[in-house]
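Shown next, in structure tokens, is the structure this report addresses.
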Amino acid sequence: MELQPENLMTVAESVLAQVSEFAVSYAFSILGAIVLIVAGFIVAGVVQRAVTRTLRRFPSFDITLTTFFATIARYAVLVLVGVTVLAQFGVQTASIIAALGAAGLAIGLALQGTLQNIAAGIMLLVLKPFRIGEYVEASGISGTIQSIGLFATEMKTVDGLYILAPNSSLWNTSVTNYTRNPLRRNDLAIGIGYGDDINLAQETMLDLAKADARILSEPAPAVFVSELGDSAVGVTLRYWTKTPDWWQTRLDMTKAGKEAFDAKGISIPFPQRDVHYLPVEAEPQGKSVGKAGAAAAGSKK
């Protein structure tokens with residue numbers, strides 16, 4: 001069936017009317033969506049900068065967490081803008097929110113270990129059980145903290161090895177921080193012989209402590225007999241130093257104690273064992289011969 005020119009004009013006018021109606025209906029929606037997108041990006045940037053400025057006012061707040069929370073705030077605004085734009089075109093936002101929730105749950109289950117490390121990293125950065133430059137021991141590893149990230153912590157051992165420890169392994173265990181407190185105590189124990197003068201040994205060790213400027217006078221150093229061992233009497237010098245001086249002071253005091261004891265004739269015994277041989281009594285000659293004869297007789301049978 002061929003369309004007459006009159007019918008073609010009618011169809012064209014109908015299509016044009018529908019297009020015009022569609023353009024008029026969605027023109028404001030499209031224009032509003034463009035305005036929302038532009039305004040959303042502007043607001044997201046403003047919110048990100050505002051969060052950054054606010055958190056930087058707190059000197060104890062870590063810069064890594066500042067960047068993390070500022071980025072989270074920016075993307076939260078952009079997601080809200082995206083949902084609002086879709087609502088401009090009649091899309092049901094409830095279904096979108098439900099889909100986003102389901103997607104977030106699926107991603108959370110898939111990245112459970114990673115999210116656990118992020119949560120542990122946030123707690124480490126907020127509570128600060130250790131800081132960069134401190135020497136710590138945790139989960140069987142020890143070293144100086146190099147950097148603390150949201151996923152893992154970098155450490156350097158005393159022999160120069162590199163360790164990358166997941167944050168969850170450091171958060172879920174006890175942490176020993178050797179450099180956090182300003183003062184640290186040391187017990188230097190040296191064994192002397194049972195025949196040596198205990199009072200002289202104690203005076204010698206106490207004089208060494210008073211002569212070293214790194215050893216604090218308050219708390220005052222103390223010397224006491226700490227052990228009665230198998231071959232030595234343990235004399236212990238207890239003193240306090242500043243934490244940065246602890247290790248070198250321990251080494252120097254150990255050497256000085258040995259040299260001072262040698263100079264004053266105080267012995268430092270080492271573990272030794274005395275072996276005593278008991279003579280074995282000889283058996284009577286006849287009894288030995290009898291045993292030998294019996295053995296020979298048995299062999300002949």
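The values are calculated or read from the model by the stated rules, or taken from the named source; none is laboratory data. All figures in this text were calculated on a predicted structure; none of them were measured in a lab. Neighbour counts are summed over all protein chains in view; Cβ atoms, including those assigned to glycine, are modelled from backbone coordinates with ideal geometry. Accessible surface is based on the protein model in full, side chains and every heavy atom, while ligands, DNA and RNA are left aside. Shrake-Rupley method; radii C 1.70, N 1.55, O 1.52, S 1.80 Å.
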Number of positions in the range 47-90 that are assigned to a helix (DSSP H, G or I) and over 28 Å from LEU124 (Cα atoms): 11
Cross-chain or 6+ apart pairs with Cβ under 8 Å, the range 168-183 first and farther than 25 Å from GLU218 by Cβ, then among the acidic types (Asp, Glu) and outside any helix (DSSP H, G or I): VAL175/GLU137; THR176/GLU137
Output for the range 222-243, where each listed residue is modelled with pLDDT under 95 and open to solvent by 30 Å² or more (accessible area, probe 1.4 Å): SER226, GLU227, LEU228, ASP230, SER231
Of all residues in the range 141-174 being assigned to a strand (DSSP E or B) and among the hydrophobic types (A, V, I, L, M, F, W, C), the one that is most open to solvent (accessible area, probe 1.4 Å): LEU164
Residues located in the range 178-214, provided they are open to solvent by 40 Å² or more (accessible area, probe 1.4 Å), not in a helix (DSSP H, G or I) and not hydrophobic (A, V, I, L, M, F, W, C): TYR178, THR179, ARG180, ASN181, PRO182, ARG184, ARG185, ASP187, TYR194, GLY195, ASP197, ARG214
ASP230 being over 18 Å from PRO269 (Cβ atoms) and without any contact (Cβ under 8 Å) to a residue 60 or more places away in the chain: no
